[in-house]
Structure formats: structure tokens, C-alpha cells
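Trainee: Got a structure for you, written out below as C-alpha cells; questions coming shortly.
The values are calculated or read from the model by the stated rules, or taken from the named source; none is laboratory data. Everything numeric in this text was worked out from a predicted model, so none of it was measured. No Cβ is skipped: glycine too gets one built from the backbone with ideal geometry, and neighbour counts run over all protein chains shown.
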Ligand code: C2E
Ligand code: MG
Ligand code: MG
Ligand code: MG
């Protein structure tokens with residue numbers, strides 16, 4: 001219906017608020033349509049590196065929407081809309097299946113020790129049949145559960161802790177890895193870490209950005225690394241862009257790195273051709 005409105009748009013564009021809501025409604029409509037079309041969405045993959053071995057350990061799948069008029073719409077624009085409208089369940093399942101299918105192809109080519117990470121939104125995590133969906137997708141794509149990691153956020157974990165614990169334990173029992181994304185930015189207490197069987201803390205980019213100049217962010221990063229070490233969890237830094245940041249992190253014992261310093265998120269073909277061939281010992285670990 002947004003198209004019909006566009007002839008009278010001067011009436012609606014009289015305030016910023018109305019302007020935004022009409023654009024939002026149109027975008028929601030487009031999102032709904034895009035879900036029923038092929039090739040509207042795609043996944044890019046950003047490598048995760050281990051500085052100790054100088055090898056790729058896997059990659060994060062990040063969704064891209066190729067909008068017919070607007071071009072590439074960033075996930076931070078449409079993921080919240082997908083959450084508000086409930087479309088996130090279908091969209092999230094598409095992401096999960098696409099990422100597992102792709103990872104299984106890489107697995108078959110010999111990249112057997114990579115893990116693909118998939119972001120789960122709170123609504124997707126809280127859907128009742130999440131564990132069944134994950135099991136079905138692993139079955140359909142033939143990907144071993146050990147090669148899948150789910151990235152959850154802290155804010156998801158503070159709600160409904162009992163059900164959340166049960167769900168995470170069931171996922172872990174399948175063999176899947178769990179990481180806490182954007183760690184340090186949520187409102188949760190740290191207590192949950194002892195109850196949830198998580199594998200990895202992912203230090204948020206906002207701390208990494210000025211890690212070498214801002215004492216507070218350096219201290220927070222230090223604390224997260226120490227916390228991870230004492231709880232025997234892995235720790236990875238995201239949004240790493242410079243050698244100085246690498247030096248800082250390596251000096252503090254954080255060896256897992258994701259960020260533009262190594263690579264931007266890439267389409268799957270490019271990930272292999274332009275990055276993985278230089279940064280993995282494919283075939284040696286069969
Ligand atoms: P995130 O999960 O924290 O993902 C990391 C974001 O930081 C990605 O943005 C990535 O491109 C960006 N990034 C990584 N390294 C650097 C760097 O060195 N410099 C800079 N400037 N940026 C860097 P992207 O792809 O735009 O995704 C943004 C957010 O959208 C994600 O944050 C995640 O919360 C959400 N998202 C993306 N894909 C999905 C998805 O499939 N499902 C769900 N539920 N959320 C998703
Ligand atoms: Mg993430
Ligand atoms: Mg993150
Ligand atoms: Mg982030």
C-alpha cells in the first residue's frame with residue numbers, strides 16, 4: 001500500500017516521525033515480500049583467526065538484504081523490523097539452514113575444523129521449538145553439530161533464566177557451541193555464566209575500538225579476558241582493525257580475533273579464494 005501513498009507523500013512527510021513510520025511500514029512490507037522470493041537475502045562470512053597458529057578457526061555468517069530499490073540494506077536496519085513483525089523466525093531459520101549448508105560444503109572440501117557462527121535473535125531463541133528446528137536443519141544439511149556455533153546476547157539470557165538454561169543445555173547436548181556476543185554491553189549480572197554451559201565470550205567492538213587510548217576500555221577488556229581464562233572459556237575480540245589492537249590483545253592473552261584487520265565479511269566464493277587459501281592448512285587434518 002505504500003506505493004499508493006507516494007503520490008500524496010507531502011501530506012505525510014510533514015514531520016520526521018510520520019516520515020519514519022511510513023518508511024518503516026514500506027520496509028516491513030518489502031521484507032515480507034522478500035521472504036517469499038529467492039535470492040533477496042544472502043550471507044557474507046567474516047573469518048575468525050587464531051593468532052597462535054595463524055590459521056582460520058571459522059567464520060561468522062552475517063545476513064545481507066539486496067533490496068530492489070534501496071540496494072544493500074544493513075542488518076541493523078531490518079533485523080529489528082523482522083523482530084517486531086515476527087518474521088525473524090522464518091528469516092532466522094533461513095540463515096541457519098543456509099549457513100549450515102555452506103559450512104557442510106566446506107567441510108566436504110576438507111575444511112573440517114572450521115566452525116560457522118550464526119547469530120540468534122532473542123525472539124528466535126525463545127521460540128518453543130528452537131531445539132527441534134536446529135536438529136532438523138543439522139539433519140537436512142548433514143553438518144556435524146560440532147561445526148556449528150550459535151551467538152547469543154546477554155540480554156537474552158537474563159530473561160526467563162530457567163527456560164533459557166534448559167534450552168542452552170539441550171543445544172549443548174547436541175554438540176553445538178555457544179558464544180556470548182557483544183559481551184560486556186548487556187544489563188546482566190555475571191552470575192549467569194556459572195549456570196550456562198557457554199564456550200566463548202566475544203568482546204564487543206565498542207571496547208576494542210579505542211582499546212589503546214582509553215584506559216577504561218582497556219581495563220574492561222583486560223577483565224573480560226581474565227574472566228574467560230578463570231572460567232576456562234574461550235575469548236574472542238570482534239571489530240579488530242589495527243596492528244596496535246592486535247598487539248594489545250595478544251599481550252593480554254587474547255589470541256582469537258575477528259575484524260577488518262584480517263578481512264571484511266565476504267561472499268562464500270571470495271572467502272575461499274581471497275582469504276582461506278592463505279590462512280588454513282586444509283587437508284592436513286582429515
Ligand atoms: P554482530 O553479530 O556483533 O556482528 C559483527 C558486526 O560487526 C558485523 O556487522 C560486522 O560486519 C561488523 N564488523 C566486524 N569487524 C569489524 C571491524 O573491524 N570494523 C567495523 N567497523 N565493523 C566490523 P553487520 O554484518 O552489519 O551486522 C550487524 C549486526 O546485525 C550483527 O552484529 C548482528 O547483531 C546482526 N545480524 C547480522 N546478521 C544476522 C543474522 O543472520 N541474524 C540475526 N539475528 N542478527 C544478525
Ligand atoms: Mg555476532
Ligand atoms: Mg558482536
Ligand atoms: Mg557488535
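Trainee: For the range 91-98, state whether one or more residues are surrounded by 17 or more Cβ atoms within 10 Å (Cβ to Cβ), within 13 Å of ligand 1 (Cβ to nearest atom), within 15 Å of the chain's Cα centre (by Cα) and at pLDDT below 95.
Mentor: So far as the range 91-98 goes, no, none of its residues is surrounded by 17 or more Cβ atoms within 10 Å (Cβ to Cβ), within 13 Å of ligand 1 (Cβ to nearest atom), within 15 Å of the chain's Cα centre (by Cα) and at pLDDT below 95.
Trainee: Checking the conditions here, which among 71, 86, 58 is within 16 Å of ligand 2 (Cβ to nearest atom) and on the phi > 0 side of the Ramachandran plot?
Mentor: Within the list 71, 86, 58, the selection yields 58.
Trainee: Test residue 177 against the stated conditions and say whether it is surrounded by fewer than 20 Cβ atoms within 10 Å (Cβ to Cβ) and away from ligand 4 (no atom under 13 Å from the Cβ).
Mentor: no
Trainee: Next question. Of the conditions (1) away from ligand 4 (no atom under 15 Å from the Cβ); (2) surrounded by fewer than 18 Cβ atoms within 10 Å (Cβ to Cβ), residue 186 fails just one. Which one is it?
Mentor: (1)
Trainee: Of all residues being more than 15 Å from ligand 2 (Cβ to nearest atom) and assigned to a loop (DSSP other than H, G, I, E, B) in the range 228-247, which is surrounded by the fewest Cβ atoms within 10 Å (Cβ to Cβ)? Just the residue, please.
Mentor: Quick first cut of the range 228-247, residues more than 15 Å from ligand 2 (Cβ to nearest atom) only: 228-233, 241-247.
Okay, now just the ones that are also assigned to a loop (DSSP other than H, G, I, E, B), so 231-233, 241-242.
Details: 231: 13, 232: 7, 233: 17, 241: 14, 242: 15.
Step by step, filter the range 228-247, then rank; the result is 232.
Trainee: To continue, here is another question. Would you check if residue 225 is more than 21 Å from the chain's Cα centre (by Cα), touching a residue at least 12 places away in the same chain (Cβ under 8 Å) and away from ligand 2 (no atom under 16 Å from the Cβ)? Walk me through it before giving the result.
Mentor: Details: more than 21 Å from the chain's Cα centre (by Cα): no; touching a residue at least 12 places away in the same chain (Cβ under 8 Å): yes; away from ligand 2 (no atom under 16 Å from the Cβ): yes.
When the stated conditions are applied, residue 225 does not pass them.
Trainee: Mind listing whichever residues of the range 200-219 are within 15 Å of ligand 3 (Cβ to nearest atom) and not in a strand (DSSP E or B)? Show your work before the answer.
Mentor: Initial filter on the range 200-219 (within 15 Å of ligand 3 (Cβ to nearest atom)): 200-209.
Answer for the range 200-219, where residues must be within 15 Å of ligand 3 (Cβ to nearest atom) and not in a strand (DSSP E or B): 204, 205, 206, 207, 208, 209.
Trainee: Among the residues of the range 248-268, which ones are part of a loop (DSSP other than H, G, I, E, B) and within 10 Å of ligand 1 (Cβ to nearest atom)?
Mentor: Residues satisfying the conditions are 259, 260, 261, 262, 263, 264, 265.
Trainee: Continuing with this model, one more query. Determine the pairs where a residue that is farther than 30 Å from residue 142 by Cα, located within the range 175-196, has a partner that is assigned to a strand (DSSP E or B) with Cβ atoms under 6 Å apart, the partner being 6 or more residues away or on another chain.
Mentor: Taking only residues 6 or more apart or on different chains, the pairs are 183/201; 183/202; 183/203.
Trainee: Going by the structure shown, is residue 208 farther than 19 Å from residue 119 by Cβ, surrounded by 18 or more Cβ atoms within 10 Å (Cβ to Cβ), within 16 Å of ligand 4 (Cβ to nearest atom) and within 22 Å of the chain's Cα centre (by Cα)?
Mentor: The answer is no for residue 208.
Trainee: Follow-up question, since we're still on this one. On the given criteria, is residue 203 over 27 Å from residue 112 (Cβ atoms), modelled with pLDDT of 95 or more and either under 15 Å from the mean Cα position of the chain (by Cα) or within 16 Å of ligand 1 (Cβ to nearest atom) (or both)? I'd like the intermediate steps shown before the answer.
Mentor: Working: over 27 Å from residue 112 (Cβ atoms): yes; modelled with pLDDT of 95 or more: yes; either under 15 Å from the mean Cα position of the chain (by Cα) or within 16 Å of ligand 1 (Cβ to nearest atom) (or both): yes.
In short, yes.
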